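Please read the structure below before turning to the comments.
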Amino acid sequence: MLSLGIVGLPNVGKSTLFNALTKKGVPAENYPFCTIDPSIGIVPVPDERLWKLSEFSKSAKTIPAVIEFVDIAGLVKGASKGEGLGNKFLANIREVDAILEIVRIFPLKNEKGNEIIHVYGDIDPLRDIEVINLELILADLETVAKRRANINKDIKKNDKEALIEDAALVKLEIAFEKAQLANTVELNEKEIEKVKMLNLLTLKPFIYGLNKQGGTQNLDEMNPEVFKELTDYIESMGSLFVVIDAKIEEELKDFEGEEKDIFRKELGGEDDGINSLITEGYKLLGLDTYFTTGLDETRAWTIKKGSTAPIAGMAIHTDFKDKFIRAEVVYWSDLLEAGSYGEARSKGKVRTEGKDYIVKNGDVIEFKI
């Protein structure tokens, strides 16, 4: 299972968002460093196709694809040098597959006049991003410098592999000195292979969650110039962003369905952005979904984009790779439109695929082993 690590400064809404995502209570008190150890939540990926297939098959169980969110305590300036439990937090970030950086765009005082403190005393989203990213960059710069020192002897011997690695490390050092993330650096395949072994923080893909004030129905109430500058900066790094309303969704975490929608509107919220965040996080990790469906269960299976049928089958059981014979494949909407497997087959919509077949997002598959 792949994971997204939730990072950001203290009091930007990380733990509130985590509560909303997982319906699991974690500390979210109004002071820095309340979350010392990371909390892990397994979150279902919203997918309308799954429920339609389950209804089609009259399945006894419906099992969605999931993504793991890790709530990591607030970083502060100096974290790369150990400030504010920095080393522990950086180690936790190193374990995740991608980074969800929460950025506070809600004001110091809420609509009731209650102050929600900011570690720097004012609201400046762009500065906050730069503070967090710089700490991650400084940690990576130290890692790269150590690695260059370690391979120095091999470089002096003109070792081919060491020279390839060093060329990549030099590119990264230059980028870090310009406060650029590793994932913005152009590297060739061999260089990427070398650099991946270092598990650099800023080589991971980033998505930014812009956390607005609970109940703010649109962004017109915020300074449009500040907001545009912020989103332009995020896009210039090749990253994604989603506007979220973590507070409203956290307050609604115990409600379901229509009741939840009614209460959300009463609280002044329309789209909380949470589903978009989960879906975009899934895409960010380079994941696709295929389905199996029948009377017993309909299930969404997570695979890396571009997986062949035998590799995709390993999501169900590792034996599927070696024992794979063939796969019967039909696209989910073609199956529903046909009304039955038999009708889909007669229309030529069910195909027999071999070991080289690249599984498509939305395929319904029956594996033959």
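Anything over 23 Å Cα to Cα? Flag those among 204/283; 283/355; 194/283; 61/347; 323/349, in the order listed.
Over 23 Å Cα-Cα: 283/355; 194/283; 61/347; 323/349.
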Q: Estimate the FRET efficiency between residue 150 and residue 317 by the formula 1/(1 + (r/R0)^6), using the beta-carbon distance for r and 41 Å for R0, to the nearest 0.05.
A: 0.50
(Q) From the protein chains alone at 1.4 Å, what is the descending order of accessible area for 148, 49, 326, largest first? (A) 326, 148, 49
Q.
Along the Cα→Cβ direction, 7 angstrom out, place labels at residue 179 and residue 228. What is the inter-label distance in nm?
A. 2.2
**Q.** Interchain or long-range residues, amide H under 5 Å from residue 65's placed H
**A.** 45, 300
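Per residue, how big is the convex hull around the C-alpha atoms of region 111-207? Give it to me in cubic angstrom, could you? Mind dumping the intermediate values first?
Numbers: hull volume 10.7 nm³, N = 97.
Considering the Cα atoms of region 111-207, their hull volume per residue is 110 Å³.
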**Q.** Estimated distance in nm for a label pair at residue 304 and residue 52, the labels positioned 7 Å out from Cα along Cα-to-Cβ
**A.** 3.0
**Q.** Length released on extending from residue 296 to residue 355, taking residue separation times 0.36 nm less the Cα-Cα span
**A.** 18.6 nm
(Q) Taking the full set of protein chains and a 1.4 angstrom probe, give the accessible area of residue 197 in square angstrom, rounded to the nearest 10. (A) 130
Q. Going by accessible area, probe 1.4 Å, with all protein chains left in place, what is the ranking of 171, 283, 156, largest first?
A. 156, 283, 171
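Arranged from highest to lowest average of other beta-carbon atoms within 10 Å per residue, in what order do the peptides 290-302, 335-347, 122-134 appear?
Top of the packing list down: 290-302, 122-134, 335-347.
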Q) What list of ³J(HN,Hα) values in whole Hz, one per residue of region 295-303 in order, does the Karplus curve 6.51 cos²θ - 1.76 cosθ + 1.60 (θ = phi - 60°) give from phi, with Gly and Pro shown as x? A) 5, 5, 7, 10, 9, 9, 10, 9, 9
Q) How would 204, 247, 355 line up by accessible area, probe 1.4 Å, largest first? A) 355, 247, 204
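The values are calculated or read from the model by the stated rules, or taken from the named source; none is laboratory data. Model, not experiment: these values are computed from the prediction. Ideal geometry is used to build each Cβ from the backbone, glycine not excepted, and the neighbour counts take in all protein chains shown. The protein model used for the area step is the full one, side chains on, heavy atoms only, and it has no ligands, DNA or RNA in it. Shrake-Rupley method; radii C 1.70, N 1.55, O 1.52, S 1.80 Å.
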